[in-house]
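**Student:** Below is the structure I would like to discuss, written out as structure tokens.
The values are calculated or read from the model by the stated rules, or taken from the named source; none is laboratory data. What you see is a predicted model; the values in this text were computed from it and never measured. Because the Cβ atoms are built from the backbone with ideal geometry, glycine has one as well, and the counts that use them run over all protein chains shown. In case anyone asks, the SASA skips ligands and DNA or RNA and just uses the protein heavy atoms, side chains included. Shrake-Rupley method; radii C 1.70, N 1.55, O 1.52, S 1.80 Å.
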Amino acid sequence: MAVATYLKIGEVAKQTGVAVGALRYYEGLGLIQSERGENSYRYYAPETVQQVQFIKKAQTLGFSLEDIGFDWMLPGKSGIELCYWLRSHNHALPVLILTAKDQIEDRITGLDAGADDYLVKPFSMAELLARLRALRRRQPKPRGKHSEVAGFAIKTLNAEIDHLQVPYFIPRECIVKTSNDTGYEPDIAVIDRSNLANEPRWDQSSILEYGPSVPLAVEVVSTNWRDDYAIKMSDYEGIGIGEYWMIDYLGMGGRRYIGSPKQPTFIVCTLVDGEYELAQFRGADRIISPTFPDLNLTAEQVFTAGQ
């Protein structure tokens, strides 16, 4: 490998505005690939910058990282090999292959390897995003327990909003933009109605751009736990969302977040001087929420959806 033509991870981060930790996560998902260079240091092909910028664009439109396609020609391992590996390990995430290989035989190879769709370069970004939307429509919705826990939390929070008589509400859906290129659709977002006058895109597209408009964001942790713990927490902190809950009812988070042995954990992140301070709650622990100080709820009640 001609190392001089490749990029170190810090350079990729600088050019894309994506944190080094997030880039390592992308690599773990197989969305970007590195090669080993001298002293076993990881190097990335120059095209990685474009791949990461595409990932950011897809996130802006509300796509999970696990919906994102990858290129046929990747450094170290091909997209076809990744497809075979994913399917052999029973991973059901949708796969879209992006490639310049336009022969019928190539398309058949990609689809037989386990890809759900195949798009030849050059392509229109609008067509790519339409294909991703189509793939998402065919994917199963969050599992029943996930929806139960989220529904119970929404019911509880609405009761607290009424109790406190504050100008908050929980929309059916919204996108919280954390940068020009990144946005998320939280499982639950508590919105401060009095701040919506400062949100220019709310009326037309339910997009929120300012942290003070969202006193509380909530994610119910499931298979994409790395998104909730490593990426969304940093991005929500960055735009100044005052409080962020991670409801890890299955105890799936990394040990550095929930300890060992892993167990169901309710984490409250509170913004203090621009940084989140984390508090963990388990079992019969009463959840302490600065946004809802009168909340009388235990972690176990949330995990069991009030049953």
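**Student:** For region 191-281, build the charge dipole from Cβ charges (+1 Lys, Arg; -1 Asp, Glu) around the Cα centre, then report which of 231, 249, 202 sits farthest towards its positive end.
**Tutor:** 249
**Student:** Moving to a separate point now. Take the alpha-carbon centre of region 233-247, take the same for region 156-177, and report the distance between them in whole Å.
**Tutor:** 16
**Student:** Which whole-number percent gives the relative contact order of region 228-279, counting Cα pairs below 8 Å spaced six or more residues apart?
**Tutor:** It rounds to 35 percent for region 228-279.
**Student:** Please report, in Å, the Rg and the Dmax of region 163-307, where both are computed over Cα atoms only.
**Tutor:** Taking only Cα atoms of region 163-307, I get Rg and Dmax of 15.0, 46 Å.
**Student:** Could I have the simple spin-label model distance between residue 147 and residue 111, label points 7 Å from Cα toward Cβ, reported in nm to one decimal?
**Tutor:** About 3.1 nm, to one decimal.
**Student:** Roughly how many percent of the accessible protein surface of region 230-303 is carbon and sulfur, given a 1.4 Å probe and a whole-percent answer?
**Tutor:** 46
**Student:** If I model a spin label as a point 7 Å beyond the Cα along the Cα-Cβ vector, how far apart are those points for residue 50 and residue 194 in nm?
**Tutor:** Between residue 50 and residue 194, the simple spin-label model gives 5.0 nm.
**Student:** Determine the gain in length on full extension of the stretch residue 286-residue 179; use 0.36 nm per residue of separation and subtract their C-alpha separation, reporting nm with one decimal.
**Tutor:** Numbers: separation 107, 0.36 × 107 = 38.52 nm, distance 3.40 nm.
Result for the pair: 35.1 nm of gain on full extension.
**Student:** Additional query: May I ask you to rank 166, 49 by accessible area, largest first, using a 1.4 Å probe over the protein chains only? Mind showing how you got there, number by number?
**Tutor:** Values: 166 45, 49 10 Å².
Highest to lowest solvent-accessible surface, that is 166, 49.
**Student:** Determine how many Å³ per residue the convex hull of the Cα atoms of region 100-237 encloses.
**Tutor:** 146
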